[in-house]
Amino acid sequence: MPGATQTDLVGVCLAAGAGSRLMPLTLERPKVLCPVGGRPLLSWALDALVGVVEEVVVNVHHHPAMMLEYLSWAVDTERAGGGPTMQFWRSFHGQRHERPVVSSLRSLGSLVGAARSPDVSGMPAGTGAPSPTIQVVASVEGPDALGTAGALANLARHLDGRSVLAVNADSVFDADLADVVAAWDGERPLVAHGGRDGFRPGVPVVASITPWSAIEALPQSPSGLFGHLWRDAHAEGRLQSVQLDSPVLDCGTPASYLAANLALFGGATSVEVGQVDATGAGDIARDNPGDTVEPHEGVTRSVLWSGARVGPGERLDGAVRTSDGRTVLVRPVPSAPW
């Protein structure tokens, strides 16, 4: 039966990756909690699933304490599209990031969908209509991260016959996942992707639907969906490919991460919700994630994380300044990807 209802599908935010290509930023936070457009990447993925499915499972491995605290904050807070304060992030300063020893499943509560950020470089604004909710469950993976295929197999008992709508939580996209679900034929695995050349290795995958029959056959060990399902299904004509005619912002490297932020703010400096200590210019609080703020006359084309400090007379261009004071320079400074 084409398409699916909200109860037929469980949403999964794939958020357990190490983010090794984004180092050294991921020494401080997991990749999906690095801010893009003023808020953590993960919040974009969660909001995309609200109203499409009734439940979302977020898989967790790297920085588990921070991830679980963020998810707990998200279900308890009127987010309005933003993120935690700088005090939240600074509370993890100096902590060792222990990895989970065993796998576990935790129900965290109900998350209210946030309106999208105001229109910036083609990304649509929220309508102001009441937001639906979604139940959030954390799937803590240990002792190893299970990859995109192992993560779904690990959830088999919880899924109990339901199929999965999975979203990669490490990119920002402008696609309505309800349209993706409506396009599904109800039988084959589906991959929704960006790009102009059809499905192939390396294509930017936005979302996928894995039917229960395929989940049952996946290994409960570290493994990927491409190698264990998509490649053979594509070769045999059993993969439903949906090409999305909308922007997809990859954030896998410092250069692409900076480019994504610049795209969402029209080339201006992106400031995470919270406060930036711009010594000599006063502290600046960002109440609205769509605001464009130049916190210091010497800061251009950069990203400032919550709690980042900018000294008097300091100049930053094409840089990422983190909450803990790390500075990552990107050369050449990238242009916006669209």
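Only the coordinates and a few stated rules stand behind these numbers; no lab work does. All values reported here derive from a predicted model rather than from experimental measurement. Positions of Cβ are generated from backbone atoms using ideal geometry, with glycine treated the same way; all protein chains shown enter the neighbour counts.
Structure notes:
- Burial ranking of peptide ranges 244-255, 136-147 (average Cβ count within 10 Å, highest at the top): 136-147, 244-255
- Assigned charges on the beta-carbon of Lys, Arg, Asp, Glu; segment 150-218 dipole about Cα centre (debye): 200
- Each residue of segment 319-334 was assigned a 3J(HN,Hα) from its phi angle through the Karplus expression (A = 6.51, B = -1.76, C = 1.60, θ = phi - 60°), giving 10, 10, 10, 8, 4, 8, x, 5, 10, 10, 8, 10, 9, x, 5, x Hz with x at Gly and Pro.
- Given charges at beta-carbon only (K, R positive; D, E negative), |dipole| of segment 9-249 in Debye: 600
- Net charge of the neighbourhood of Val333, taken over other residues with C-beta under 10 Å away and scored Lys/Arg +1, Asp/Glu -1, is +1.
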